[in-house]
Structures are given as C-alpha cells and as structure tokens.
Amino acid sequence: MVTVPTEGESFAKLIEHLRLAQEDAATLAHLAQANDRRKRAIGFLAVEQQLKLTVAAVTQLATRALQ
C-alpha cells in the first residue's frame, strides 16, 4: 500500500536535513581551522550560519501556515 506523506512528516524531514547540513558545515569549519585554513574555516562558518537562518525561516513559514 502506498502511503501519502503529510506536511508534518515532510517538514520534519526537511528540518532534519538542514540541521545535519548545518552540523557538517560546522565540522568542516573546525577541520579547516585545525589545518590552518582560516579563510576556508570562515567560509564554512558562514554556511553554517546561513543554514541556521534557513532553519528558522522554514520553521516560521511552517508555523505561520498552521495558524
């Protein structure tokens, strides 16, 4: 039987993927810093911060839709 995904399930999956990407960006920043690649580390920290803002924006969009 084929199940139809719900908005809630899809939202949870999207947020999970974004948070995992955020964690990976932070890890890459840490590793770059450890290898004396400061510019690369700063770049990955910027990516991590943008993903954090994206999580917040997606959450706000989803919660506004529920009201």
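Please treat every number below as a calculation from the coordinates, not as lab data. In this text the structure is predicted, and so the values were computed from the model without any measurement. As a convention, Cβ positions derive from the backbone with ideal geometry for all residues, glycine included, and neighbour counts pool all protein chains shown.
General remarks:
- When T3, T63 are screened for being of a type in the set (S, T, Y) and not in a helix (DSSP H, G or I), only T3 passes.
- Selection status of A57, small (G, A, S), surrounded by 13 or more Cβ atoms within 10 Å (Cβ to Cβ) and either touching a Lys or Arg at 6+ places or on another chain (Cβ under 7 Å) or assigned to a helix (DSSP H, G or I) (or both): no
- Among the residues of region 24-51, the ones that are loosely packed, with under 15 Cβ neighbours inside 10 Å, in contact (Cβ under 8 Å) with a residue 12 or more places away in the chain and under 27 Å from F11 (Cβ atoms) come to 0 in all.
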